[in-house]
Each structure stands twice: as structure tokens, then as C-alpha cells.
Amino acid sequence: MNVIQCAVKGIRESTVRPKMIVLLWSFNLLVAGLCYFVFLRAFGGAVGTSALVKEMVHKADMNVVVEFLTSASGGAVTELFVIVIGLSVLYALVSVFLYGGILQILIQKGGRWRFAETFFAGGGRFYGRFFRLEIYSLGLWLTAGLIFILINALINFNFRDSTNEQTTFVFTIIKILFAFFLVFLIKMIMDYARILIAGRDSRDVFRSLLEAVRFVLKKPAKTLALYYLLGLAGWASFLLYKVLDSAVPQTSTVTIAIGFLLAQVFIASRGWLKIAYQAAQGRVIGLI
Amino acid sequence: MRRSIPIFAAIFLFMASALFAALSRPIASYDIKARLVPAEKKILGSEILTWLNDTDLPVSELRFHLYLNAFKNSRTTFMRESGGSSRGFKADKNNWGFITVKNIRIQDGDDLTPSMAFIQPDDGNADDRTVMKIDLPTPLPPGKKIAVAIEFTSKLPKVFARSGFAGDFYMVGQWFPKIGVFQNGAWNCHQYHASSEFFADYGTYHVEITAPEKFVVGATGKRNGETKNADGTRTYVHDQENVHDFAWTACPDFIEFREKYALAEPSVKTEMILLVHRSHVKQKDRYAQALRNGLEFYSRSYGPYPYETITLVDPAPGAMGAGGMEYPTLFTAGTTTWMPKGVRFPEMVTIHEFGHGYWYGMVGSNEFEEAWLDEGINTYSEIKAMAKYYGEDRSMIDIGGLKIGSVAYNRMSVIGSGRFDPIVKKSWEYISGGSYSLNVYAKAGLMLLTLEKWLGEEVMSRLMRTYFERWKFRHPTSKDFIHTAEEVSGKDLGWFFSQVLYSPDKLDYAVSGLKAEEIAAGEGLFDGRATEPPGKEEGGAPAKPAPKVYRNEITVARYGEWIFPQEILVVFDDGEKVRETWDGKDRWTRFVYQKTAKVVSAEVDPDHKMVLDANYANNSRVLELKRPAVVKAALGFTAWVQGFLSLISF
Ligand SMILES: [Zn+2]
């Protein structure tokens, strides 16, 4: 099966599973929803009773932002920041569980089964293994970090006396792109490792990770092409969201609600894409 | 209309000569020969200083700044205070800078070299060699001149703080032995500090710069000669009267643009010289337009730009430490290859540094001791100029939906910071470099904006013109500014300046409470009659309902230490608006209105005069929460967090 076929297959697999998409979306909303209340309290407390806010529905007022950022010497903002970081950690931990559920559903073959039961059973079944996988992956992150530092030092050394800003600028862009490439590469390897563990019900987490690395190294073109092809779908949905969002003038309760709904559809599309990634990559490695 | 021409010409000539003549008496004039030796990053120099004892006391010693010695080692006062970095740029430990005085003698007379000694008047740091003292064989009587010949070598550091080199780029500032200011019977000759700039007397400069031919050279003043030498170098002769410093630059990668600038009202004729580094040449027009704007704004606001040239230097990439610095008739700007149009950094730097030609260049206040007089007044001028040409709410940043004006930008740094220092203080005595710059730039700039709104634009404009006119080519102090402000406005402003200039406290007034309560008919027992439910009259006949009466209560509070008289605007739901005044002295006051209308909102400082107010949000209060706005912001934030979460995991 070629890359495009795999991508199409993955997208189809994902599209026929609205329940799972809704589950992923509601989990995201649940966690982020906590921020809503924290923000409402902080922002409302700092500037809510001020007449300054009156015009905020129509346009962003820098003054209000400044007052909010510096209110209580930035205490409210720090609190908000800490909460977002805390929620991100929680989210990452629960995500490990969700991966198990998604893969369990995707590898489910025929017969009668119930969605919720299967999903949560899968989540529980693979949690320990996937969690260990995250820990082992620190090795990958470390390696990638070292490679990046090395390349960075090499570039800096060769251009240490350069007064040509264009070159410096181009290399800065290249460095940033390279960093992103490494991050995506590791995320992709992790996807394959999870698919290997779930698809074979393997208990040897470390070997699965090595095998995933080997698989990616053996078929770099195919795996990368698939990863970035699906990434394009992500960008397309993001752009579509941005276009629609800017088309709605969010100045009344109703239009504000519509704007928020659009954001929710976009977040749901992120879940949809994630499932598509698992299904398509599972197809490439021949396990889904 | 021929007849009028000679009259205008005569007036022009008279004005041109009057512009400088009576005001600036040359105190410290220099005749310098400088040769750039690129291989060694050195300048071989000799100077003849002619110094006039303009005081009524005899002077028995001379003091000189040897600024480049600040970069000599890690133990100088500059390096200790700065930790070897300035505005984010770091010193290069392999490229120190220094200046060596080989000999110094009275022209055609005594050798003074043996009496040379380094002193440290500010901090006693024996490792600091930025101030040199020379004993005169006989005291110089009042009103007499002395000519001193000095031979020196300047080694430039890798640039990180104003002066130095980077690759083939040279910014040569604070580079020659420079006499201090003899004032009030003593030498005012401070060491080079991390958070401090300079101070010097006015004079006439004649400087001959020799550099290898490949270099494009720019310098303070007008070029009056250029000769090709046999050894592959060129010599450039520059002259300038009525300045207190001289700086120059050289780089083979400069592209030189010259443009005549003329303004009819007031009459200004000068030449703009732009030395733009090859890699930034696409931004030449941005620089040029900003400089034209600066010339127009300052000439119209304070007085015509009087010099024949103005040189803009665009530092080479890697030499940003040299950027954003003022010298007489020359300044350094700064940009990068990729600079979006909506980020008006090159414009802001150009206008700011050009503006120093007025507040520093022509009005020569003491930057060591009262830096706000140049930086603060110039920040105020810059904010106004940027608002005029680029829009008040977007003068700094205008990208997509993000708009930031200079006032918001400066307020951000002032209100978010600790309050440890007042605006007036010796530059090196602030708790930190950050406190120095936030006070002398942002806070002082906003202070003057507050004063402008307080006095009215017309009075403020007169005040600034008078201050400029009266103090140009002289050395004013804060007291002179205050005196001018009081004289021009005809008001006692002691209460204003004593707070904003000399105390680190804050200004913050707020509407702390707002209520509208319906006054119900009393309940309980009243003498003589029993209470009735409202709306019922005796005899039991149904009465028409009386209009509701509200007790409206507005509490205004002073959260800061500074005391400013306040105005309060109260708006009722029947459209009525009431303006109240309050002397602002107590910690709070209350206004109560019993009426059939309900209060909708109240606002202190409704005309937004208090730019220094530490919190704009609490200045007003509405009876009903503006729910949709807050909810919209919260939903927006939530969606942002959702996206962020989906990026890190799902
Ligand atoms: Zn400045």
C-alpha cells in the first residue's frame, strides 16, 4: 500500500468513529474548561468592573491587557500560568491512557463489542506499558538534544565572525526547522512503538521502541511522507478554522458563542487527525 | 516681490548668527589628528586642547575623562557595575579596550606627564583608570586660556557598549582624552559607570581622521576636506562649532546616502547623511523618512535644527551594541535584515537618537547626575513624535491585530516594576540598571506627558520652547527646568515635581465603590404613626405608585502615596452627568446622591490626564458587570489553552 492509500485509509478509519472523536474532544474541553473559570475570576477581578472593559467586545484594548498583566504585580497572571502548566502535565498523563483506548478500538476485529467498554479496557490494559515507553523515550529526547546542540555548535563555529545577517538569519530558520523535525521524528517513532506494543500485545516495551526506531530508519521516506501528509490535513483544518473564525464578528453573545463553537469543532478535528495518524501508521507497519 | 528678499536675507543672516553667537562661548576646543590602524584596532592620536577658565576661581589642576579605560579589565568600575554586559550585549574577554596617554604638555611649554595620576572621585576603586588628573605648574587665572598638547593611543574593544569594533566596522566614541567640566569651584569629572552617560563643555572641534582608503568614514560636523595619501589612506577633515563631543565611524560596507533637507517654517537647511550597512540597505527609506520626521518634529516643537549636517550611522550586524547612541550631529540607529514594517524599532531609534541632538546635544544637561533631563525629556518628545507620524495607539507595534503605542509600552515598564528609586538620582546610584532606565526614560517621559495634560498642550509647548531657548549650549539642572515650568505656566508646581521627581512612590486613584440602593419606605416604628406599606394612602384608595428613589453612593480612594487633585465624572441612567472635584488628600472620599435616577458609572480622571496612574482599570467602575466582554476574553483564553493542549499531546 502506498503512502496516499495509507493516509486515505487512516482518515476513513477515523471518520467512521465519531464516538471516539467526541470522547477526545470532551476530554480536552474538560481539562481546558478549568482554565475558563480561573481566567474568569482573575480577569474579572482585575478589570471586570472597570468601564475600560466596555469596548473589549469590539476590539482588543492594549490598556486592558496591560492592566491585567500587571494587576497585583502580575500575581494573577503567574497563578494562571502555573495552572496551565499543571493542567498540561495532567493532560499528558491522561493522554497516555487515551492512546491505549484508541489503539484498542483500532485493532478490534469483528464480533460484538461495546465502544466504551473496549476503549477504557484498552486504556487500562496498555497504560503501564505506554507509561514506561514515555520514560524510555527520554533517551530519544536526550539523543535528539545532543544532535541539535552539536549541529548548532557546528553552524555557530563556521559563522562565528560572520557579519552577513542574511546568512545568520537563514541559518536561524534552518535551526528552528531542524528542531521541529527532531521533535516530530520522535513523536512519530513513539506512535510506531505504541502500535507495535498494542498490535502484538507485546510486553517488551524497550524492544518495541528499538523496533520502531529500526522501522523508521528502514523506511524513512514512507514514514516521513505519511507523517507530513497528514500534517498537511492538520494545517488545512487550522486555516479553515482561522478563516471561519475571522468571518464571524464576535461582538454579541450569540456570535461569541458561535466563535467558541467553531473553536470546539477545530479541537474535535485535532482528535480526528490523531486517530487518523494511528490508523494510517498502523496500516504502514501492517498491524492495523 | 523682490523687495522683500534682502530683508528676509538680512533677517536670516541675523538669525543664523544669533542662533549660536551669544549663547555658546567655547570652553573646551579640540584640534585632533587621528589615524585608524585596523590591524591593531587602534587609533593613534594627538590633540591640542584649548581650555578656557570660565569661572572666577584660579584652577591649579586639570581633570580628564579616559573613557575607553572602562573596558581595560574586569575590575574597572564600569565592568564591576555592569558585570561585563550592556543592554544585553556581552564584553569579549579577548578584546579589551583602553587608552594610553603617551605624553601631555603645555603647548610650547612645560611637560606635564610626570604629574599624571589616576583618581576615582566616585567610588575609590583603585583599578579604575577612567579619570586622569594633571597638576598645572602655575594656577590658571579666571578668564584665561590654556593650550595642552596630548599624544595618545586608543585601543577599541569588541563593541558591546557604544564604542568599539566588530569585524570591519568601527564606532569611535568616547575615544580621546576629554577634559571634565569645572563648575561651582570644583571639577565635575565622573568615572565611566555602567548606568551613566556623559557631560562636557561646549567648544569647537577640528578633527583630521586618516583611515585606509577602502573605508567609508562619517563623523561629527561638516566635512571640509578630503585628501588621498601616498600610503593608501585618506584623510578627512571635519569641523564643528558649538558641540561638546566628537565621534566618528568607519566601515567598508557602508553605503552612503546624502539628501538635502529643507523646512520653510521654521527655516531649516541641513544635509542628511545616511551611512547604511550593505546588509540593511533595503531599510534605507525607513531610516530616511524617520529622520525627516524627526527633523520636522523637533524643529517645529522646540526650535530649528541649527547644524549643517546630521549623520545617521547604521551599525553592522554583530555591532548592535554600538546602536541607539547619540553624539553631536551624528547618531547610531539600529536594525536587522528582517524587520517587519509594523515593528517600528528603526523609526523609534532614529527619532529618539536624533532627538538627543536637542536634549543632550544642544541642551547640555549633566547625564551623570540628572539623566532624566536628556533621556526623560527626549522620551517624552519621542512619544509625541511617534504618535504624530505613526498613530497614537500603534506607534511602536502594528502587526495584524496587535497594536501597541509608545505610551502603553512605557506604562507597561513603569507600572509593572518595583518602586525603589526616584527619577532624580546619580545614575550609578540606582538599585539596578533596570531601575535607572525605567525611571530616567519611561517614568520621566510619562511624567512630562502628565504635566502636559495638566497644564494644557499650549502651555506645555511654550514651556518646552522656553526651556530649550534659554538653556541651549548651557548646562541646566532639574531646578532650572522646574523654574522654567513655573515661570511659563504661572503656577506653583512645587507639589508636582517634589512628588514625581524626588520620591519613588506611585500615583493611583480609584473608584473603590459604586452602589445604587432603592430607598424603601421605612419599616418599623416611627413616632406618631404606624408605617404603611409603600404606595398605600389613607382611606385605602389605590394610589398611583411614587417614582423610585435611589441612594447612589460613589467612593473614590487614593491607593498611592502621591497626592494629585482629582476630577470625578458620575453618569446616571437618565443621561445626567455630574462632574465633581476632590483635592485628593485623604485616603478616600464619598459622593452621595439621592435621586430618581440610578448611577451607571463613575470615573476618576475622566480626561485621562494622569498618564502616570499605576492602574487605569480601577479608575472607573460600572454598576453592572460587562459580562460579554469578560466572557469573551475567558472563552478566547480557553480556546487558546485547548489548542495548546492538543499540540502537546492530542
Ligand atoms: Zn536616549
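The values are calculated or read from the model by the stated rules, or taken from the named source; none is laboratory data. Computed from a predicted model, the values in this text were never measured in an experiment. No Cβ is skipped: glycine too gets one built from the backbone with ideal geometry, and neighbour counts run over all protein chains shown. When the accessible area is computed, the model is the full protein with side chains, heavy atoms only, and any ligands, DNA or RNA have been set aside. Shrake-Rupley method; radii C 1.70, N 1.55, O 1.52, S 1.80 Å.
Before moving on, here are some points about what is shown:
- Panel values: region A:153-223, Kirkwood radius from alpha carbon pairs, Stokes-Einstein at 25 °C and 0.890 mPa s, translational diffusion coefficient 169 µm²/s.
- Ellipticity estimate at 222 nm from DSSP helix runs (n ≥ 4, -39,500 (n - 2.57)) divided over chain B, nearest 500: -7000 deg cm²/dmol
- Packing, as the average of other Cβ atoms within 10 Å across residues, places the peptides A:249-255, B:497-503 in the order B:497-503, A:249-255, highest first.
- Computed over the alpha-carbon atoms, region B:297-356 gives an Rg to Rh ratio of 1.01, Rh here being the Kirkwood radius from the mean inverse distance.
- Near the amide H of residue B:550, within less than 5 Å, lie the amide hydrogens of B:519, B:595, B:596, B:597, all on another chain or at least 5 residues away, with H placed in the peptide plane.
- Restricting region B:167-213 to GluC sites (Glu not before Pro) that sit in a DSSP loop and have at most 14 other Cβ atoms within 10 Å of their own Cβ leaves B:213.
- Percentage of interatomic Cα-Cα distances in the protein assembly as shown larger than 41 Å: 54
- Pairs from B:158/B:284; B:33/B:284; B:144/B:426; B:158/B:260; A:175/B:90; B:155/B:472 whose Cα-Cα separation, in the structure shown, is over 28 Å: B:33/B:284; B:144/B:426; B:158/B:260; B:155/B:472
- At 1.306 mPa s and 10 °C, Stokes diffusion of region A:3-285 via Kirkwood alpha-carbon radius, µm² per second: 72
- Here region A:130-192 and region A:1-34 have alpha carbon centers that stand 29 Å from each other.
- Packing, taken as the mean count of other beta carbons within 10 Å per residue, orders the peptides B:85-97, B:628-640 from highest to lowest as B:628-640, B:85-97.
- Counting Cβ atoms of other protein chains within 10 Å of each residue's Cβ and taking the mean over peptide B:89-96 gives 0.
- Accessible area per residue in Å² at 1.4 Å probe, computed on the protein assembly as shown: 45
- Kirkwood-based shape ratio for region A:1-140, expressed as Rg/Rh from alpha carbons: 1.15
- Per-residue Karplus couplings for region B:136-141, computed as 6.51 cos²θ - 1.76 cosθ + 1.60 with θ equal to phi - 60°, are listed in order as 8, x, 9, x, 8, x Hz, Gly and Pro entered as x.
- Note on B:618-625: average number of Cβ atoms from other chains within 10 Å of each residue's Cβ is 4.
- Summary of packing: across the peptides B:162-170, B:579-587, the per-residue average of other C-beta atoms within 10 Å ranks them, highest first, as B:162-170, B:579-587.
- Inter-chain shielding of B:407-416 (mean C-beta neighbours from other protein chains, 10 Å cut-off): 4
- Whole-angstrom gap from region B:26-69 to region B:224-244, using each part's C-alpha centre: 18
- Of all accessible heavy-atom area on region B:1-250, the percent that carbon and sulfur account for (1.4 Å): 54
- Other residues with beta-carbon under 14 Å from the beta-carbon of residue B:80 carry, at +1 per Lys or Arg and -1 per Asp or Glu, a net charge of -2.
- If you take all other residues with their beta carbon under 12 Å from the beta carbon of residue B:255, and give Lys and Arg +1 and Asp and Glu -1, the sum is +1.
- The HN-Hα couplings worked out from phi for region B:498-512 by the Karplus form 6.51 cos²θ - 1.76 cosθ + 1.60 (θ = phi - 60°) are 4, 7, 6, 8, 10, 10, x, 6, 10, 10, 7, 9, 8, 8, 8 Hz, whole numbers, x standing for Gly and Pro.
- The phi torsions of region A:130-145, fed into the Karplus equation with coefficients 6.51, -1.76 and 1.60 and a -60° offset, translate into couplings of 5, 5, 4, 4, 4, 5, 4, 5, 4, x, 5, 4, 4, 4, 4, x Hz, rounded to whole numbers, with Gly and Pro shown as x.
- In percent, rounded to a whole number, the relative contact order of region A:158-288 is 26, using alpha-carbon pairs under 8 Å and six or more apart.
- The candidates A:17, A:207, arranged from most to least accessible area with a 1.4 Å probe in the full protein assembly, appear as A:207, A:17.
- P(r), alpha carbons of region B:79-195 - 10 Å bins starting at zero, rounded %: 11, 37, 33, 15, 3
- Total buried accessible area between B and A, probe 1.4 Å, nearest 100: 4500 Å².
- Amide H contacts for residue B:277 (H built 1.01 Å from N in the peptide plane; partners 5 or more residues away or on another chain; cut-off under 5 Å): B:255, B:314.
- Cα-based equivalent ellipsoid, region A:61-161: semi-axes from gyration tensor eigenvalues, Å: 39, 29, 12
- Accessible-area order (highest first, 1.4 angstrom probe) of the listed residues A:22, A:96: A:22, A:96
- Counting only DSSP H runs of at least 4 residues, each contributing -39500 (n - 2.57), and dividing by the residue count of chain A, the helix-based mean residue ellipticity at 222 nm comes to -29000 deg cm²/dmol.
- Working from Cα pairs under 8 Å separated by at least six residues, relative contact order for chain B is 9 percent.
- Positive contributions from Lys and Arg (+1) and negative ones from Asp and Glu (-1), summed over other residues with Cβ under 11 Å from the Cβ of residue A:44, come out at +3.
- Tensor-based shape of region B:1-250 (alpha-carbon gyration tensor, a/c under 1.5 rounded, otherwise prolate or oblate): oblate
- Separation of alpha-carbon centers, region A:214-255 and region B:274-297, rounded to whole Å: 41
- Threshold 20 Å² - residues in region B:313-338 whose accessible area is reduced by that much or more when the chain is no longer isolated, probe 1.4 Å: B:317, B:337, B:338
- Taking all Cα-Cα distances within chain B, those exceeding 46 Å account for 29%.
- Between residue B:146 and residue B:462, the modelled label-to-label distance comes to 4.6 nm, taking each label 7 Å out from Cα in the direction of the beta carbon.
- For residue B:61, the amide hydrogen comes within under 5 Å of the amide hydrogens of B:136, counting only partners 5 or more places away or on other chains and with H modelled in the peptide plane.
- For residue A:175, the solvent-accessible surface computed with a 1.4 Å probe is close to 40 Å², ligands and nucleic acids excluded.
- Relative contact order, whole percent, for region A:3-285 stands at 34, derived from Cα pairs under 8 Å and 6 or more residues apart.
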